Amino acid sequence: MLKILLNLCITLNFLPASNLYERIRNKDTIIVATEGTYPPFSYRNEQGQLTGYDVEVARAVAKEMGVKIVFYEMSSNVMLKKLHSGHVDLIANQLEITSNNRYTYFDESTPYTYFHTVIVGRRDQDTIHNLDKIQGLRAAQSRIDYAGLALTHYAHIIPAENTEKALLLIRDRRADITFSTSLSASEYMSKYSGVFRILWESEDERHTGFVLNKFNDVALSCINRALENLRLEGMLRKLSLRFFGENAMH
């Protein structure tokens, strides 16, 4: 039944359509923004090929819908601007819509990742039981959303190019902490065994999906049905295990 609904999404001609929906319906090309420097979600492997969990989920969705896909690599800090201006169709980069202002302009797909927010520090640092305790600490951050969270609790921001560079600043005692996702933290804590530990973990679970411009309801329905097909077929679980060693899906 889901396959039939997906085909209807692509073939129905009488529905009002945005440019994105037109490209999906015509099996054309969609343009996806991703970072390319954010393992294990979006990065270049040893062969120089773009890969990562978000990248491969986007490729699988494009294949499911029968469309071609092109990735534009860019800083996460400019992705929403590029999306809003029409330079890209989707964002696949673990980007959350975290404010009412963002919800005015952007939509999210069905989630394909579930995680907790964590604070990572050096192994010799004390556990953080309350976020008020980070006041005055130096937070190395590469992403606007986590930098905003750190600033909310009066930490000082130390700019970092990516999560790994943030952790290296902490290792070298040029920063104290970094906010990260539990999935990303696990990647680097394994790589730098014995150097870092999780100082705090959120109780609430968070989630991310693709981000696209508002008023793309039909295109969004097509994307969500493709994601549901991939979930039922076990592809999302397979990709989760490949990149995280655990199932990031419910």
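A compact table of results
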item: Any helices (runs of 4 or more DSSP H) falling wholly within segment 147-250 and containing at least 1 residues that are more than 17 Å from the chain's Cα centre (by Cα) and under 18 Å from residue 111 (Cβ atoms); result: 217-233, 235-244
item: Subset of segment 85-138 [under 16 Å from the mean Cα position of the chain (by Cα) and among the β-branched types (Val, Ile, Thr)]; result: 88, 91, 97, 98, 110, 113, 117, 118
item: Any hit, segment 38-50, residues being within 22 Å of residue 144 (Cα to Cα), within 11 Å of the chain's Cα centre (by Cα), modelled with pLDDT under 95 and not in a loop (DSSP other than H, G, I, E, B); result: yes
item: All positions within segment 183-216 that are surrounded by fewer than 22 Cβ atoms within 10 Å (Cβ to Cβ), among the small types (Gly, Ala, Ser) and within 19 Å of residue 39 (Cα to Cα); result: 186, 190, 193
item: Residue check, residue 78 closer than 18 Å to residue 143 by Cβ and surrounded by fewer than 20 Cβ atoms within 10 Å (Cβ to Cβ); result: yes
item: All positions within segment 101-145 that are closer than 18 Å to residue 216 by Cα and either surrounded by fewer than 19 Cβ atoms within 10 Å (Cβ to Cβ) or of a type outside the set (Ser, Thr, Tyr) (or both); result: 101, 102, 103, 104, 105, 106, 107, 108, 110, 111
item: Residue match in segment 137-144 (condition: polar (S, T, N, Q), part of a loop (DSSP other than H, G, I, E, B) and in contact with a strand residue (DSSP E or B) (Cβ under 7 Å, 6 or more places away or on another chain)); result: no
item: Index of the failed condition, residue 70 passing every other in (1) closer than 22 Å to residue 150 by Cβ; (2) assigned to a strand (DSSP E or B); (3) of a type in the set (Val, Ile, Thr); result: (1)
item: Condition broken by residue 56, with the remaining ones in (1) buried (at least 23 other Cβ atoms within 10 Å of the Cβ); (2) more than 23 Å from residue 146 (Cα to Cα); (3) charged (D, E, K, R) satisfied; result: (1)
item: Test result for residue 68, modelled with pLDDT of 95 or more and surrounded by fewer than 16 Cβ atoms within 10 Å (Cβ to Cβ); result: yes
item: Count of segment 98-115 residues which are modelled with pLDDT under 95, in a loop (DSSP other than H, G, I, E, B) and touching a helix residue (DSSP H, G or I) at 6+ places or on another chain (Cβ under 6 Å); result: 1
item: Residue match in segment 222-244 (condition: farther than 14 Å from residue 112 by Cβ, of a type in the set (A, V, I, L, M, F, W, C), at pLDDT 95 or above and open to solvent by less than 60 Å² (accessible area, probe 1.4 Å)); result: yes
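The values are calculated or read from the model by the stated rules, or taken from the named source; none is laboratory data. Since the model is a prediction, treat every value here as computed from it, not as a measurement. In this analysis, Cβ positions are derived from the backbone assuming ideal geometry, glycine residues included, and neighbour counts consider all displayed protein chains. All accessible areas refer to the heavy atoms of the entire protein, side chains included, with ligands and DNA or RNA removed. Shrake-Rupley method; radii C 1.70, N 1.55, O 1.52, S 1.80 Å.
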